[in-house]
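Trainee: My structure is below; once you've seen it, I'll send some questions.
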Amino acid sequence: MRKFLIAVSLIWPMIGLASTQEVLDYFHLRMAENTNFVLPSDWFDCSEEDSVKQSCLDLFKYYQQDTFAMVEFANSKPYQLTLFSDFSHSSYNQLLLNLRRDGYELVSVTRFNKTFNVKDQSANYSSEELDKAVIEFLNQGGASAETRMEWKLNSDLKSSVATFNSNGRQIELNFIIHEKR
């Protein structure tokens, strides 16, 4: 396993206010260059296994939303950034807006053991009707109901999947990035 250097860096503070895609791009670049990651002293080792290196940050700002962040480095790709937040209606909505801001598109929503697949349903609705149908599906049972959403971002060089999980107590937002070959 690669050894990762944890140290103070002058270039890292920009990450604290960056989009998640900028954070993932930073890690992707370092992995492609086969260089060590340089993390500031406020990131700490939170690894539970020797085979997977995890670093955490108590306060990561995903735009204006405060979260707890965990980055997982492994010998094999893909790699992950996971954000955690206590549940509130504000954090729920802000995290969803931030996904849209980063260019992610909703793929599916699962609530009460029912799944709304956006791609499958797009054949049945106009774009305005599809938006309304998704909102109506999400509004069943309120925001505090257990919810799982799959989001996807595609670009020429990479694809990224985001999974949004909320159970009315905590929100977990997991980003996995894949390099396109």
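Trainee: Hey, can you tell me all the residues within the range 57-69 that are modelled with pLDDT under 90, open to solvent by less than 50 Å² (accessible area, probe 1.4 Å) and not hydroxyl-bearing (Ser, Thr, Tyr)?
Mentor: Leu57, Phe60
Trainee: Also: Return the residues of the range 94-124 that are open to solvent by 70 Å² or more (accessible area, probe 1.4 Å) and touching a residue at least 40 places away in the same chain (Cβ under 8 Å); say none if nothing qualifies. If you could, list the steps in order and put the result at the bottom.
Mentor: Step one: of the range 94-124, the residues open to solvent by 70 Å² or more (accessible area, probe 1.4 Å) are 97, 100-101, 105, 112-115, 119-120, 123-124.
Within the range 94-124, Arg101, Glu105 qualify.
Trainee: Leu130 passes all but one of (1) surrounded by fewer than 16 Cβ atoms within 10 Å (Cβ to Cβ); (2) over 15 Å from Thr67 (Cβ atoms); (3) of a type outside the set (Phe, Trp, Tyr); which number fails?
Mentor: Of (1) surrounded by fewer than 16 Cβ atoms within 10 Å (Cβ to Cβ); (2) over 15 Å from Thr67 (Cβ atoms); (3) of a type outside the set (Phe, Trp, Tyr), only one is false for Leu130: (1).
Trainee: Still on this structure, please answer the following. Looking at the range 165-174, is at least one residue open to solvent by less than 40 Å² (accessible area, probe 1.4 Å), in contact (Cβ under 8 Å) with a residue 60 or more places away in the chain and of a type in the set (Asp, Glu)?
Mentor: no
Trainee: Return only the number of the condition from (1) of a type in the set (Val, Ile, Thr); (2) touching a Leu at 6+ places or on another chain (Cβ under 6 Å); (3) at pLDDT below 90 that Ile176 does not satisfy.
Mentor: Tallying (1) of a type in the set (Val, Ile, Thr); (2) touching a Leu at 6+ places or on another chain (Cβ under 6 Å); (3) at pLDDT below 90, Ile176 fails exactly one: (2).
Here is a yes/no grid of residues against (1) assigned to a loop (DSSP other than H, G, I, E, B); (2) among the hydrophobic types (A, V, I, L, M, F, W, C); (3) at pLDDT below 90; (4) closer than 30 Å to Asp42 by Cα:
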position	(1), (2), (3), (4)
Tyr92	no, no, no, yes
Leu95	no, yes, no, yes
Thr110	no, no, no, no
Thr115	no, no, no, no
Ala133	no, yes, no, no
Gly141	yes, no, yes, no
Ser159	no, no, yes, yes
Glu172	no, no, no, yes
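The values are calculated or read from the model by the stated rules, or taken from the named source; none is laboratory data. Keep in mind the model is a prediction, meaning the values are calculated, not measured. Note that we place each Cβ from the backbone using ideal geometry, even for glycine, and neighbour counts take in every protein chain shown. Each accessible area value is taken on the protein alone, full model and side chains, heavy atoms only, with ligands, DNA and RNA left out. Shrake-Rupley method; radii C 1.70, N 1.55, O 1.52, S 1.80 Å.
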